[in-house]
Amino acid sequence: DSGVTQTPKHLITATGQRVTLRCSPRSGDLSVYWYQQSLDQGLQFLIQYYNGEERAKGNILERFSAQQFPDLHSELNLSSLELGDSALYFCASSVGTGATEQYFGPGTRLTVT
Amino acid sequence: GQNIDQPTEMTATEGAIVQINCTYQTSGFNGLFWYQQHAGEAPTFLSYNVLDGLEEKGRFSSFLSRSKGYSYLLLKELQMKDSASYLCAVRALLWGTASKLTFGTGTRLQVTL
């Protein structure tokens, strides 16, 4: 158990819908990262927040957005969902922005039908 | 941009030694990571190299040559539970202390009797 929690574990929704994925980092960790893992593309970095502020951006679509709240939990919002958005979404956390280790949560499996 | 290459699949025998190679091209190199990921589960941290040389951690060792853009993960005394995907990831500095972790597509290792 990494100490990072994610909810929900599974999510099934239809195309065009909007969903929110939630992540709570390990106690004491200020950085939260979001990743998407699909079968054909591996683990793709989406976005990072550090102490409430956006820190780095990866291959995140405009239909996706995220935020980190004062209690340090983070939410990833996915809208206008498409079939290709079906994937495992992982959240990870670390102490700081340059930490040597990121701790991954168990992931949310999103299925878009 | 960044480019990371690692073999797609490898097979090895229980008790043997296996070496998983990773080559990369990146600007702003700031460390190379190896993660283990069992199917459907979260990646777990194995090792981190930022300077050239070998880092040993029990049955696992990782090597880095920055000038060659090359790393390998060495697994000794293989056990059946080592059957998993092994992800090579490169961290690159973006600006200030912000950085981005880019993962390779992973090497699926099958350990057989």
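At 1.4 Å probe radius, can you tell me the per residue accessible area of segment B:2-95 in Å²?
49 Å²
Taking N as the number of residues in chain A, what is its Cα Rg relative to 2.2 N^0.38 Å?
Relative to the rule-of-thumb radius for its length, chain A sits at 0.99.
Computed on protein heavy atoms with a 1.4 Å probe, what is the summed buried accessible area for the chain pair B and A, in Å² to the nearest 100?
Interface between B and A: roughly 1600 Å².
According to the Cα gyration tensor, what semi-axes, each the square root of 5 times an eigenvalue, does the equivalent ellipsoid of segment B:11-113 have, listed from largest to smallest in whole Å?
25, 15, 11
Just subtract the alpha-carbon distance of B:GLU55 and B:ALA39 from 0.36 nm times their residue separation and send over the number in nm, one decimal.
Answer, rounded to one decimal: 3.2 nm.
Provide the per residue accessible area, probe 1.4 Å, for chain A, rounded to a whole number of square angstrom.
Heavy-atom accessible area per residue stands at 47 Å².
Just read off the accessible area of B:TRP95 with the full protein assembly in place, 1.4 Å probe, to the nearest 10 Å².
My reading of the accessible area for B:TRP95 is about 140 Å².
How many nm is it between the label spots at A:THR7 and A:ASP71, if each spot is 7 Å from the Cα in line with the beta carbon?
Going from the A:THR7 label point to the A:ASP71 one covers 1.0 nm.
Hey, what did chain A get for relative contact order, percent, Cα under 8 Å, at least 6 apart?
37 percent
In 10 Å bins starting at 0, how do the alpha-carbon pair distances of the protein assembly as shown split up by percent?
Once binned at 10 Å, the Cα pair distances of the protein assembly as shown give 8, 33, 36, 19, 4, 0.
The values are calculated or read from the model by the stated rules, or taken from the named source; none is laboratory data. Computed from a prediction, not measured in an experiment: that's the story for all the values here. Here Cβ is always computed from backbone atoms with ideal geometry, including for glycine, and neighbour counts include all displayed protein chains. The protein model used for the area step is the full one, side chains on, heavy atoms only, and it has no ligands, DNA or RNA in it. Shrake-Rupley method; radii C 1.70, N 1.55, O 1.52, S 1.80 Å.
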